[in-house]
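One structure is given here, and the rest of the page talks about it.
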Amino acid sequence: MAGQVIAGGRLVTPDGVLDDGWLLVEDGHIAALGTGEPPRAEEVLDAAGSWVVPGFVDIHCHGGGGAAFTSARAEDVRRAADAHAAHGTTTLVASLVSRPVPELVEQVAALRELVEEGLVAGIHLEGPFLSAARCGAHDPAVLRAPDRGSVAALLAAGRGAVRMVTLAPELPGSTTAVRQLVDGGAIAALGHTDAEEAQVLPAVDAGATVATHLFNGMRPLHHREAGPIGALLDDDRVSVELICDLVHLSPTVVRLAARHAGPDRTVLVTDAIAAAAAGDGRYDLGGLSVDVRQGVPTLADTGALAGSSLTMDTAFRNLVHHCGLDVTDAVQATATRPAALLGLADTTGKLAKGLAADLVLLDRDLCLTRVCRRGTWSEPHALTRA
């Protein structure tokens, strides 16, 4: 006998839901899974009455637990990552907000070492190549058009750790920057944009494949001018991020977008700031003061939304309970699709043989009860010895 068996749960796999399923974990990986009588193992976890889903993958997160990724200090990054791990996020990308390029280069270089350690799965640069007209919670004083030298410096500082960069497609040089990012191994994302539809399409043709928090920080959809929302949502080449905190988007809007994009293009993100899993109060976001009241972060001086205090377990539950999608759709949006975007489809994001044992247990109400990362449970659990 070897390993650990999680038995009796409802396993959400790429092939469907396995009722009364079991999953065998050995050496931090999924060794086998099925239904009916489980194999003998050294340890058994009774998951009866629970959903067993893949660990969540968040590709857009600025911090949590009172810490922000902008500090780039190992203790802050670990604190934020641990805060989200406690809510089921087993793979996390560290997002940075707009700052002058030399400052971002320093932050990227510092975070790169933590990416190499495996603490976070990569770095996302949300800016500074954004539209001042749709800056949201980004400092308009540091926003600028992309140029080859700046993009090259950021990519070089990351040495492969920069996984995604968000830019506004209407800015001069943006199409060239998209090609440069893609050639450099990063995802080119479009967001914080005031573009018209015709300005979006060249960037997608050049290789942009993600819409950064669709609807938010974008020219609104209009029936005579689709703008970035219509262009990105309707393009099969683009995956769309949705912040499912029921504040940034109404349930109806989430449902419309997710159903149109489908499970292969819908990605839930938190866009969380340091306030996630930390509570109300005043926080710093890229040099801007943010007030969090009743879980909603807004800029202290303008009242504009400034990220969220969302965690992925809540986003998952919101998508099902409030937006009317299926649990299988929620798994796709919180794990399978984002993992594939990061190039990790053969590593995590699914319950499948050979993949990492990144697991989340949810009760009948889809509330999180247990989290397992690479075969290690982060909370006490009811194991029995065989």
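State whether the residues of segment 83-91 include one that is aliphatic (A, V, I, L, M), assigned to a loop (DSSP other than H, G, I, E, B) and within 26 Å of K350 (Cβ to Cβ). Yes: segment 83-91 contains one or more residues that are aliphatic (A, V, I, L, M), assigned to a loop (DSSP other than H, G, I, E, B) and within 26 Å of K350 (Cβ to Cβ).
A quick yes/no check of all residues on (1) within 19 Å of the chain's Cα centre (by Cα); (2) outside the structural domain of A121 (by TED's automatic domain parsing); (3) surrounded by 14 or more Cβ atoms within 10 Å (Cβ to Cβ):
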| site | (1), (2), (3) |
| --- | --- |
| T298 | no, no, yes |
| L310 | yes, no, yes |
| T314 | yes, no, yes |
| L368 | yes, yes, yes |
| C372 | yes, yes, yes |
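Consider segment 281-312 and keep the residues that are touching a helix residue (DSSP H, G or I) at 6+ places or on another chain (Cβ under 9 Å) and in a loop (DSSP other than H, G, I, E, B). The one that is nearest to A81 (Cα to Cα) is T311.
For P169, the requirement of being surrounded by 24 or more Cβ atoms within 10 Å (Cβ to Cβ), over 23 Å from the mean Cα position of the chain (by Cα) and assigned to a loop (DSSP other than H, G, I, E, B) is not met.
Determine, yes or no, whether T266 is touching a strand residue (DSSP E or B) at 6+ places or on another chain (Cβ under 7 Å), touching a residue at least 12 places away in the same chain (Cβ under 8 Å), under 13 Å from N318 (Cβ atoms) and of a type in the set (S, T, N, Q).
When the stated conditions are applied, T266 does not pass them.
For segment 271-288, the condition holds for no residue, the condition being that it is at pLDDT 95 or above, crowded, with 24+ Cβ neighbours inside 10 Å, aliphatic (A, V, I, L, M) and within 30 Å of E26 (Cα to Cα). Whether a residue is in the same structural domain as T314 (by TED's automatic domain parsing) and more than 17 Å from L341 (Cβ to Cβ) was assessed, and V210 does not pass this test. Just one of the listed residues (A72, A110) is out of contact with any Asp or Glu (no Cβ under 8 Å at 6 or more places or on another chain), among the hydrophobic types (A, V, I, L, M, F, W, C) and over 16 Å from T212 (Cβ atoms), namely A110. Being charged (D, E, K, R) and either touching a Lys or Arg at 6+ places or on another chain (Cβ under 8 Å) or closer than 18 Å to I273 by Cα (or both) is a property that E126 has.
Go through segment 227-256 and count every residue that is closer than 30 Å to R293 by Cα and either within 17 Å of the chain's Cα centre (by Cα) or outside any helix (DSSP H, G or I) (or both). The total comes to 12.
The values are calculated or read from the model by the stated rules, or taken from the named source; none is laboratory data. On a predicted model such as this, the values are computed, not experimentally measured, just so you know. Note that we place each Cβ from the backbone using ideal geometry, even for glycine, and neighbour counts take in every protein chain shown.
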